[in-house]
Amino acid sequence: MPDSRPRWPGGGTAGPGPSTLLLSGVRLSDGRTADVLIDGRRIESVGTAGSLGTQGTRLDLRGYLLLPAPAEPHAHSDTALTASPGQAGAHSASPGQAGAHSASPGQAGAHSASPGQAGAHSASPGQAGALTADDVRRRATEAALLQLSHGATALRAQVRVTTGTGLAPLDAVLEAGRSLRGLMDLTVVAVSGPLTGRAGADGLALLRDAVDRGADVVGGRPDLDPDPGGHAEAVLGLAAGHGLPVDLHTDADDPALLARYAAMAAAFGPGVSLGPCGGLSRLPEDMAAAAADRLAAAGVTVVCLPQGGCAGSRLRDTAPAGLLRAAGVRLAAGSGALRDAARPVGRGDPLEAAYLLAAQHGLDAAAAYEAVSATARAAMGLPEVRVEAGSPAELLAVRGDDLPGALSLAYSRIVVHRGRVVARTGAVREYRAHGDRAPGSGAVRDASARGTAGVLGLPRQGRTGPGGEL
């Protein structure tokens with residue numbers, strides 16, 4: 001989580017400000033250096049560097065690459081940040097206990113906890129039930145802010161809705177989403193338990209209640225149901241009746257079932273996502289290619305998880321991204337688990353997902369970034385973003401000269417949502433100059449200008465003044 005609430009250009013914390021924002025001297029993905037003028041929630045104009053002026057806020061972005069903001073299409077917000085042993089007991093309450101102590105909406109907006117405080121609210125076993133709903137809300141908020149700092153201005157949260165969890169986790173994540181309005185857009189997938197067999201009637205009733213409660217997407221886990229095909233039919237039927245999209249959590253390691261899902265999706269129409277589909281990578285290549293062709297023909301979006309499977313997956317594999325793209329499948333990429341028991345080191349970083357697609361799965365940098373931006377946004381029903389006049393001002397500025405460089409070393413980032421800077425992460429890079437010591441201290445003076453770094457002409461990002469020396 002960010003160390004503190006973001007500081008905006010000109011000082012102060014997030015809040016109403018000038019409606020006009022000028023991003024000055026920023027590099028575009030085609031190599032041009034430009035000024036980008038934002039008015040309200042949209043890009044007003046894009047001109048050559050130095051050609052645009054503003055009466056509002058001007059932000060000097062020399063040295064940054066400007067991109068459409070990524071989106072996170074597959075986050076597990078209800079289990080995020082639970083990897084700490086101290087938190088293990090705080091998530092085992094019965095559904096009846098879970099909702100007893102949820103925070104008021106006014107309390108939900110306190111977003112300034114430091115990373116070191118992440119485990120500070122875990123309860124003792126005796127208190128676990130009382131704190132569960134508030135804990136889910138707090139962790140979901142913290143995780144969303146962390147992902148916002150990485151650049152994701154929209155997030156789709158998978159939340160389990162089963163007879164074991166009840167609706168308390170869903171309510172908590174919905175409340176977290178309301179508290180984050182204006183900083184990012186958070187939508188919620190109600191992910192059901194079994195919908196067939198003896199438990200099916202109760203599970204389906206609970207899923208209907210979740211939709212009535214405000215879930216934005218109807219989700220399911222057919223792999224965990226005794227009748228996977230019947231489970232998918234129930235999810236699609238409920239979604240069709242309410243005009244909502246569908247997100248099925250499946251490993252996709254059964255070609256016959258996958259063909260059935262594709263046929264159902266084709267009949268349903270746009271709005272069906274499958275993921276993480278890691279089982280496709282275990283199929284013989286000809287069978288995987290045939291499955292990919294069916295998914296492409298059905299218009300399904302596959303949301304893969306390049307860092308590996310998550311809590312709802314039996315398999316840890318990643319879907320074959322190159323094969324899916326070659327077949328014409330709409331391929332989006334998400335982060336999945338964020339420091340939970342399934343993935344204790346999960347980062348929740350869309351740029352890491354793009355990096356892994358490029359580094360390990362054969363996609364070029366542009367295709368990899370498209371999977372976490374344009375295709376991810378389309379899968380979530382969001383409008384397309386381009387760095388051009390008229391486009392929504394959902395943007396990410398990353399220090400770097402080009403996209404491959406940004407995916408390689410994406411340290412410093414500035415995030416724009418609805419035309420306002422909502423998060424900013426900075427990094428300082430300094431080098432010790434060989435043999436150059438400050439008198440009496442052994443410290444280096446101005447290491448970026450002297451010694452090896454200075455000789456090579458490396459960009460200066462170091463600090464100056466007291467405390468700035470290495």
Which of the residues belonging to segment 390-412 are open to solvent by 20 Å² or more (accessible area, probe 1.4 Å) and in a loop (DSSP other than H, G, I, E, B)?
GLY390, ASP401, ASP402, LEU409, TYR411
Among (1) at positive phi; (2) open to solvent by less than 50 Å² (accessible area, probe 1.4 Å), which single condition is ALA379 missing?
(1)
Is it true that ALA319 is buried (at least 24 other Cβ atoms within 10 Å of the Cβ), in contact with a strand residue (DSSP E or B) (Cβ under 9 Å, 6 or more places away or on another chain), at pLDDT 90 or above and in a strand (DSSP E or B)?
no
Would you please name the residue that is most open to solvent (accessible area, probe 1.4 Å), looking only at residues in segment 268-315 that are of a type in the set (Gly, Ala, Ser) and touching a residue at least 60 places away in the same chain (Cβ under 8 Å)?
ALA311
How about segment 66-90: which of its residues are part of a strand (DSSP E or B) and either modelled with pLDDT under 95 or charged (D, E, K, R) (or both)?
GLU72
Selection over segment 322-336 where residues are open to solvent by less than 10 Å² (accessible area, probe 1.4 Å) and over 17 Å from ALA366 (Cα atoms) yields a count of 2
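Quick check: anything in segment 122-144 open to solvent by 20 Å² or more (accessible area, probe 1.4 Å), in a loop (DSSP other than H, G, I, E, B), on the phi < 0 side of the Ramachandran plot and at pLDDT below 95?
Going residue by residue through segment 122-144, those that are open to solvent by 20 Å² or more (accessible area, probe 1.4 Å) are 122, 124-127, 130-131, 134, 137-138.
Add one more test, that the residue is in a loop (DSSP other than H, G, I, E, B), and what stays is 122, 124.
The next check asks that each one be on the phi < 0 side of the Ramachandran plot; those that pass are 122, 124.
Subsequent filtering for residues that are at pLDDT below 95 retains 122, 124.
Yes, that holds for at least one residue.
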Which one is surrounded by the most Cβ atoms within 10 Å (Cβ to Cβ) among residues in segment 28-65 that are of a type in the set (Val, Ile, Thr) and over 26 Å from the mean Cα position of the chain (by Cα)?
VAL46
Please determine whether any residue of segment 252-259 is under 13 Å from LEU323 (Cα atoms), open to solvent by 30 Å² or more (accessible area, probe 1.4 Å) and touching a helix residue (DSSP H, G or I) at 6+ places or on another chain (Cβ under 8 Å).
no
Here are some residues: LEU257, LEU248, LEU236. Which one is touching a Leu at 6+ places or on another chain (Cβ under 8 Å) and modelled with pLDDT of 95 or more?
LEU248
Determine which member of the set TYR369, TYR355 is under 23 Å from ALA154 (Cα atoms), within 18 Å of the chain's Cα centre (by Cα) and open to solvent by 40 Å² or more (accessible area, probe 1.4 Å).
TYR355
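The values are calculated or read from the model by the stated rules, or taken from the named source; none is laboratory data. Because the structure is predicted, anything quoted here is derived from the model rather than measured. Note that each Cβ is placed from the backbone with ideal geometry, even for glycine, and that neighbours are counted across all protein chains shown. The area values use the complete protein model at the heavy-atom level, side chains included, leaving out ligands, DNA and RNA. Shrake-Rupley method; radii C 1.70, N 1.55, O 1.52, S 1.80 Å.
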